[in-house]
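**Q** Can you read through this structure? Questions will come right after.
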Amino acid sequence: MASTETTAKDRDGGDLAGLEAGLDALETVQTGRRPLRQTLREKVLPPVVAVALVLAVWQALVSFGIVDDPTKLPSPGAVWDVLREAWLQGELLGYIWTSVSRGLLGFFFALLIGTPLGLLVARVKVIRAAIGPILSGLQSLPSVAWVPPAVIWLGLNNSMMYAVILLGAVPSIANGLVSGVSQVPPLFLRAGRTLGATGLKGTWHIVLPAALPGYVAGLKQGWAFSWRSLMAAEIIASFPDLGIGLGQLLENGRNASDMAMVFEAILLILTVGIAIDLLVFSPLERWVLRSRGLLVRS
Amino acid sequence: MATTLAKAADGAEAATHAARIEHVSKSFAGPAGQQLVLDDITLDVAPGEFVTLLGASGCGKSTLLNLVAGLDRPTAGTITTDGRPALMFQEHALFPWLTAGKNIELALRLRGVPKNERRGRAEELLELVRLKGAYGKRVHELSGGMRQRVALARALAQESSLLLMDEPFAALDAITRDVLHDELTRIWRETRLSVLFVTHNVREAVRLAQRVVLLSSRPGRIARQWTVGIPHPRRIEDTAVAELSVEITEELRGEIRRHGQH
């Protein structure tokens, strides 16, 4: 570098660096964490109040004799007693685990099949034209419809349960990835190409990470479909040798005309579905969106 | 920093040109048949030279840049460059799933730089664009000017001898743009890159370039060229910059006016 250039740069350099630092400081957005108390008040309190209200109305219906038939509507206390008893006999966790382990394992297989399938549909034009519409159509088919054929094909066993879960969840997961890929901004693809990310490298470094928000939304929906399919399968195809999951518990309650047990099963199914979503999928989704600045704090 | 950048500069000096565009034409299929966008463009960019391509809308300047970048093929003519040119867009085009530093490292990785060298190189490049502490920052945490500087660092990470810029500062506010002009000039002189810079802003063209190439519109042809001898550092408000800008603007207006006459 010529000496004249160096002096010119020095004359200008310090000034420019200061100017730039000032601009950066002025334009950078300060973000901080929300205080715990505010989180409690805005995020935790409302759902707790809502649940308490439902319980109060429920108790009132029973207490004031508006519904005076325990075979139609058991009191919250009766349901609580059934739950407590199942817990004390050590059965409660068994019911939950039977279903949750099936659900998660089935979901895991659905993930293994749905991901490459989605990628194939998204990236290969012919395959997209051939099975893309079928794949999105399958999402509107209630997965309970798969139970009868699955029983006929596979018999009353665990593979039948997994088959129903797969048929319910794979389309959601694949579709999530497909829509994620088709929403990748063309600018990212061009930028990737100028950096040398073409072909498989482009898929791995650009397309897949860019499609992640859509993919995670698909996973979330895939889990909901897995869980629903599994419950349908457990209710319809209950068979004592398979072990008692939450669906069988519900069916057993119905057979015994034990409304408290039916309520217990419904509450557990709901709670597990919500818990898995809150513990696994919502944090995953929030993390993906927040790290990209796509989540607006409300 | 000095060694790696010098290497790029050596490569550029060894070649006789950073980019050679010979009789290049480009047409697209339009509603009225084939539409000629670029007509017989011949333009050389010398090693270390800073050239701005100036023109009104529809002159095909971005098309030409895409052709040089290899993102599209010319209908006729040839384009030779020394390796794959780096390209900067009007939008920063940084990947939001990566931090500023990792965006730069991805460019290094795709170029085959070994893993243990990437972090160091990325931090050097961030320092070059005066964003020393920004390695772990997410794209959305940076201001518009900072994003374009990270994008510049990522483009520099390609260690190409030719940097193509497609109106990279058009979306920035005037103050930030002015600062980035100084910054780009400084980096260009330190690295001795060749730059082909597309803009529709006459003052920007004059403030930055050694040579201004004016394209006519529909189809894009080289209408006139100016060599800019104004010494650096230049200011947007310098009299010499203003005088040349007036002259070029007159010419540009003439070109635009021709389109309204038939």
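Please treat every number below as a calculation from the coordinates, not as lab data. Owing to the predicted nature of the structure, the values given are computational and were not obtained by experimental measurement. Please note: Cβ atoms are built from the backbone with ideal geometry, for glycine as well, and neighbour counts cover all protein chains shown.
**Q** How large is the charge dipole for the protein assembly as shown, taken about the Cα centre, if only the Cβ atoms of Lys, Arg (+1) and Asp, Glu (-1) carry charge, to the nearest 20 debye?
**A** Details: 58 positive and 52 negative charges, 100 e Å.
Dipole about the Cα centre, nearest 20: 480 debye.
**Q** If you take the square roots of the eigenvalues of the alpha-carbon gyration tensor of chain B and sort them as a ≥ b ≥ c, do you get rounded (a/c under 1.5), prolate (a/b over b/c) or oblate?
**A** Verdict is prolate for chain B.
**Q** Just to confirm the number: angle between the C-alpha axis of helix A:76-88 and the first principal axis of chain A, 0 to 90 degrees, nearest 10?
**A** The angle comes out near 80 degrees.
**Q** Also, quick follow-up: For chain B, modelled as a GNM with alpha-carbon contacts under 10 angstrom, which of B:Arg147, B:Arg234, B:Arg111 fluctuates the most?
**A** Top of the fluctuation ranking is B:Arg111.
**Q** Here is a follow-up. Using the alpha-carbon atoms, what tilt in degrees (0 to 90, nearest 10) does helix A:208-236 show relative to the longest principal axis of chain A?
**A** The answer is roughly 0 degrees.
**Q** Please compute the modelled spin-label separation between A:Phe239 and A:Leu19, points set 7 Å along Cα→Cβ, answer in nm with one decimal.
**A** Between A:Leu19 and A:Phe239, the simple spin-label model gives 7.9 nm.
**Q** Take peptide B:176-186, look around each residue's Cβ out to 10 angstrom, count Cβ atoms belonging to other protein chains, and average those counts.
**A** Per-residue shielding by partner chains comes out at 3.
**Q** Hey, another quick one. Build a GNM of chain A with springs between Cα atoms under 10 Å: which of A:Glu42, A:Glu285, A:Glu264 gets the top mean-square fluctuation?
**A** In this elastic network of chain A, the residue with the biggest mean-square fluctuation among A:Glu42, A:Glu285, A:Glu264 is A:Glu42.
**Q** Assigning unit charges at the beta carbon (Lys, Arg +1; Asp, Glu -1) and nothing else, what dipole magnitude in debye, to the nearest 20, does chain B show about its Cα centre? Mind dumping the intermediate values first?
**A** Details: 35 positive and 32 negative charges, 144 e Å.
Magnitude of the dipole: close to 700 debye.
**Q** Once the other residues with Cβ under 12 Å from the Cβ of A:Val178 are scored (Lys, Arg +1; Asp, Glu -1), what is the net sum? Present the calculation step by step, with values, prior to reporting the outcome.
**A** Values: positive: A:Arg123, A:Arg128; negative: none.
Local net charge: +2.
**Q** Same structure again: Once Lys and Arg get +1 and Asp and Glu get -1 on their Cβ, which of A:Pro185, A:Gln59, A:Ile127 lies farthest toward the positive end of the dipole of the protein assembly as shown?
**A** My answer, from the dipole projection, is A:Ile127.
**Q** For the protein assembly as shown, what is the calculated [θ] at 222 nm in deg cm²/dmol (nearest 500), taking -39500 (n - 2.57) for each run of four or more DSSP H residues and dividing by its residue count? Could you put the intermediate results ahead of the total?
**A** Details: 22 runs with 329 residues, N = 560.
Dividing the helical sum by the residues of the protein assembly as shown leaves -19000 deg cm²/dmol.
**Q** For B:Ala19, enumerate residues with amide H under 5 Å from its amide H, sequence gap 5+ or separate chain, H modeled in the peptide plane.
**A** Sorted by chain and number, the residues that satisfy this are B:Val45.
**Q** In whole Å, how far is the Cα centre of the stretch A:64-101 from that of the stretch B:111-164?
**A** Distance between centres, Cα-based: 60 Å.
**Q** Still on this structure, please answer the following. Peptides A:247-253, A:266-272: what's the order by average Cβ count within 10 Å, highest mean first? Could the numbers behind the result be given before it?
**A** Values: A:247-253: 21.3, A:266-272: 16.4.
Highest mean packing first, the order is A:247-253, A:266-272.
**Q** Let me ask something else. GNM, chain B, Cα, under 10 Å: largest mean-square fluctuation among B:Val113, B:Val150, B:Val213?
**A** B:Val113
**Q** Please report the net charge: other residues with Cβ closer than 15 Å to the Cβ of A:Leu45, K and R +1, D and E -1.
**A** So the surrounding residues net to +3.
**Q** Need one number: convex hull volume per residue for the protein assembly as shown, Cα atoms only, in Å³. It would help to have the intermediate numbers written out before the result.
**A** Working: hull volume 123.6 nm³, N = 560.
Expressed per residue, the convex hull around the Cα atoms of the protein assembly as shown is 221 Å³.
**Q** Separate question: Hand me the trypsin sites (Lys or Arg not before Pro) from the stretch A:192-298 located in a DSSP loop with no more than 10 other Cβ atoms within 10 Å, in residue order please.
**A** Listed in order of number, the matching sites are A:Arg297.
**Q** While we're looking at this one, here's another question. Measure nothing fancy, just the Cα-based angle from helix B:100-110's long axis to the longest principal axis of chain B, in degrees from 0 to 90, nearest 10.
**A** The two axes meet at around 80 degrees.
**Q** Go from 0 up to the bin containing the longest alpha carbon distance in the stretch B:110-262, width 10 Å each, and give me the % of pairs per bin.
**A** So the P(r) values, bin by bin, are 9, 34, 32, 17, 7, 1, 0.
**Q** Can you give the charge dipole size of the stretch A:227-298 about its Cα centre, rounded to the nearest 20 debye, using +1 on the beta carbon of Lys and Arg and -1 on the beta carbon of Asp and Glu?
**A** 640
**Q** Under 18 Å from the Cα of A:Lys43, which aspartates and glutamates turn up, not counting those fewer than eight places away in the same chain?
**A** Here the aspartates and glutamates satisfying the reach criterion relative to A:Lys43 are A:Asp277, A:Glu285.
**Q** Sorted from largest down, give the three principal axis spans of the alpha carbons of chain A, whole angstrom values.
**A** That works out to 96, 53, 32 Å along the principal axes.
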